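The values are calculated or read from the model by the stated rules, or taken from the named source; none is laboratory data. Predicted model, so just to flag it, every value in this text is computed and none were measured. Don't worry about glycine lacking a Cβ; one is built from the backbone with ideal geometry, like all the others, and counts go over all protein chains shown. Remember, those area values only see protein heavy atoms, side chains included, never the ligands or the DNA or RNA. Shrake-Rupley method; radii C 1.70, N 1.55, O 1.52, S 1.80 Å.
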Amino acid sequence: MPSDKTSSSGTDNAPPIPLGQKAAFGAGGAAEEVMNNSVNMLLNPVYNIGLGVRPEWLGYAQAAPGFWGAIFGPLVGSFSDNARTRWGRRRPFMLLGAVLSALSFVAMWWVPRSWGEFAMFVYIVALSLIFYSAATLFQVPWNALGLSLTPNIQERTRVWALRQFFSMSIGFCLPWLFWLTERDVFHGVAEGARWVSLGVGLVILIGCAIPILFCKENYTHAIQTQPKVPLIKGFLESFQNRPFVFLTVMIVCILTGLFLVDTLGLYVMIYHVYGGDEKGASTMQGITGSCYRASALSFLPVIGYLSARFGKKQILASALFLAFLGTASKWWCYSPAHPWTCVIPAILMGPGLTSMFVLTSSLLADICDYDEFLTGCRREATYTAVSGWCIKLGVTGALVLSGYILTSTGFDKHLGGAQTENVGQPGDGTLHTELLADKLHAIQQLSDE
C-alpha cells in the first residue's frame with residue numbers, strides 16, 4: 001500500500017478545506033445510505049411475508065442488479081472520467097441519477113397486489129434494475145468527487161468521517177422502516193411500504209441535491225486537457241495497481257461474509273427470538289439498528305486522530321478485529337430468553353465497520369495519487385467503479401445464496417412462530433465459522449502487509 005505520508009500529489013501540508021465543503025459532500029452520504037440499504041430492509045418483509053413471493057426468488061431479485069451493476073458501474077466510471085462539460089465531469093451524471101433513483105424507489109412498492117407471484121417477481125426485478133442503475137449514476141461520480149476534494153492525506157480521513165456521520169445519522173431511521181409499515185393505520189406491510197416509500201424517495205432527492213448544488217469539483221485545466229482513457233484500458237490498468245487490488249480484495253471478503261447472513265438475521269429475530277411476533281421483532285430491529293449507529297457515531301470523532309497518530313493501516317486492522325468480535329457474539333446474543341442481548345453485537349460492530357468504511361475510502365484517495373504518478377491521469381471514478389464492480393460480484397453471490405440458505409432451513413411463512421426447531425437457528429455453526437474465518441484472514445493479511 002502507498003505510505004500514509006507520501007504520494008504523488010498527496011501531502012500533509014495542504015490547508016484544510018472549508019467545513020461547508022465537507023458538509024456539502026457528506027450530505028450525499030445520507031442519500032447513498034438510503035439507496036444502499038432501504039431496499040434490503042423492506043424487500044423480504046414486503047414481498048415474502050406480505051405478498052408471498054418465495055425467498056429464493058427474492059434472492060435472485062437482489063442479485064440481478066448486482067450482476068448488471070458489475071457491467072454498468074465501470075461504464076459510468078469511464079464516462080465520468082472522460083466527460084468534458086461546462087458543468088464538470090461529475091454533476092450531469094449525479095443529477096440524472098438523483099431524479100431516476102427517487103422515482104424508481106417509490107415505484108418498487110406500488111406493485112398491484114392482484115398480480116400473481118411470478119408477475120410480482122418480474123416487477124421487482126425490473127424496478128430494482130432501474131433503481132440500482134440510477135443509484136450508480138449518482139454514487140460513482142459522487143464518490144469520485146469526494147476522492148478529489150483535498151490533496152491533504154490526513155484531511156481525507158476527516159472528509160470521509162464527516163460523510164460517514166451523515167450516513168450513520170440517516171441510518172438511525174432505516175431499521176425503523178419495517179416498523180413503520182407495520183403500524184395499525186395501514187392494512188398490512190405491503191400497503192404501509194407504499195406510503196413509507198414516498199418519504200424515502202424525498203430523502204434520496206434532497207440528499208443528492210446538496211452536493212450537486214454546493215460542492216465544488218476539482219476540475220482544473222490539467223484535468224480538462226488530460227488524455228481520455230478507453231474503458232477496457234482503464235479497467236485493466238486498475239488491476240495492475242497492487243495496493244488497489246489488495247484493498248479491494250479485503251473489502252470484498254468482509255462485505256460478502258456480512259451479506260451472506262444479513263437476510264437470515266431478520267428471520268432469526270422474528271421466528272427464533274420472538275417466536276413469530278413480527279411487531280416485536282420489528283421494534284427490536286429498530287433498536288439494534290439505532291444502537292449500531294449510535295456506537296458508530298460515538299467513534300467517528302476519534303478516527304481521524306487515531307489514523308494520524310498510529311497510521312491508517314494499523315487502525316483499520318484494529319477496527320476489523322472489533323467487527324469480528326461483534327459478529328462472533330451473535331452466537332450467544334440472539335436468544336429468545338433474553339431478547340435485549342441482540343443489541344450487544346450491534347454495539348461492538350459499529351466502531352469496527354464505520355472505521356473500515358472511512359479508512360478504506362481515505363486509502364483509495366491515496367491510491368488515486370499513486371495511479372496519477374504511474375499514468376499521469378486523475379481517474380477517481382474509474383477506481384470507484386472498479387472497486388464497486390468487485391464488491392458487487394461478491395455481494396451478489398452472497399445474496400443469491402442467502403435465499404437458498406433460508407429455504408434450506410425449512411422455513412415456511414404460513415407456520416408463523418411454529419417453525420421447525422432448525423429454522424433461523426445457527427445449526428452446527430458451519431456458516432458462522434466460515435464467516436469468522438474470512439474476517440480473521442482479512443485482518444491477518446492487513447497486519448502482514
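Accessible area per residue was computed with a 1.4 Å probe on protein heavy atoms; residue 330 scores about 60 Å². Note that the range 383-396 has calculated 3J(HN,Hα) couplings of 5, 4, 5, 5, 4, x, 4, 5, 5, 4, 4, x, 5, 4 Hz, one per residue in order, obtained from phi through the Karplus relation 6.51 cos²θ - 1.76 cosθ + 1.60 (θ = phi - 60°); glycine and proline are x. Distances between placed amide hydrogens fall under 5 Å for residue 152 paired with 11, all partners being 5 or more residues away or on another chain. Oblate is the label for the range 59-114, because the ratio a/c of its alpha-carbon gyration tensor axes (a ≥ b ≥ c) is 1.5 or higher and a/b is not greater than b/c.
List the equivalent ellipsoid semi-axes of the range 301-377 in whole Å, largest first, each obtained as the square root of 5λ for an eigenvalue λ of the Cα gyration tensor.
35, 12, 9
If only the Cβ of Lys and Arg carry +1 and only the Cβ of Asp and Glu carry -1, the dipole of the range 19-170 around its Cα centre is close to 560 debye. Compactness ratio for the chain: Cα radius of gyration over 2.2 N^0.38 Å (N = residue count) comes to 0.96. In degrees, nearest 10, range 0 to 90: what is the angle between the Cα axis of helix 242-267 and the longest Cα principal axis of the chain? Computed tilt is about 20 degrees.
For the chain, the longest principal axis of the alpha carbon atoms and the long axis of helix 430-448 meet at an angle near 20°.
The residues of the chain present an accessible area of 40 Å² per residue when probed at 1.4 Å with all protein chains retained. With the convex hull of the Cα atoms taken as the outline of the range 145-304, the averaged projected area works out to 13.4 nm². Working note: 222 nm ellipticity from helices only, DSSP H runs with n ≥ 4, each -39,500 (n - 2.57), summed and divided by the residues of the chain, gives -25500 deg cm²/dmol to the nearest 500. Largest accessible area first, the listed residues 41, 250 line up as 41, 250 when surface is computed with a 1.4 Å probe on the assembled protein chains. Panel note: the C-alpha atoms of the range 152-201, placed on their principal axes, show extents of 53, 16, 11 Å (largest first).
Accessible surface of the range 298-384, 1.4 Å probe: 70 percent of it comes from carbon and sulfur atoms. When the pairs 279/312; 233/392; 22/233 are compared against a 30 Å limit on Cα-Cα distance, 279/312; 22/233 fall above it. Residue 173 contributes about 70 Å² of solvent-accessible surface, heavy atoms of the protein only, 1.4 Å probe. Count the net charge of all other residues whose Cβ sits under 11 Å from the Cβ of residue 279, scoring Lys and Arg as +1 and Asp and Glu as -1. That works out to -3.
Each Lys and Arg Cβ is given +1 and each Asp and Glu Cβ -1; about its Cα centre, the chain then shows a dipole of about 1220 debye. The charge dipole of the range 88-204, taken about the Cα centre with unit charges on the Cβ atoms of Lys, Arg (+1) and Asp, Glu (-1), comes to about 560 debye, rounded to the nearest 20. Each part gets one Cα centre, and for the range 77-136 versus the range 263-308 those centres are 28 Å apart. Once divided by 2.2 N^0.38 Å, the Cα radius of gyration of the range 64-186 becomes 1.31.
Within the accessible area of the range 36-135, the carbon and sulfur atoms contribute 72%, probe 1.4 Å, all protein chains present.
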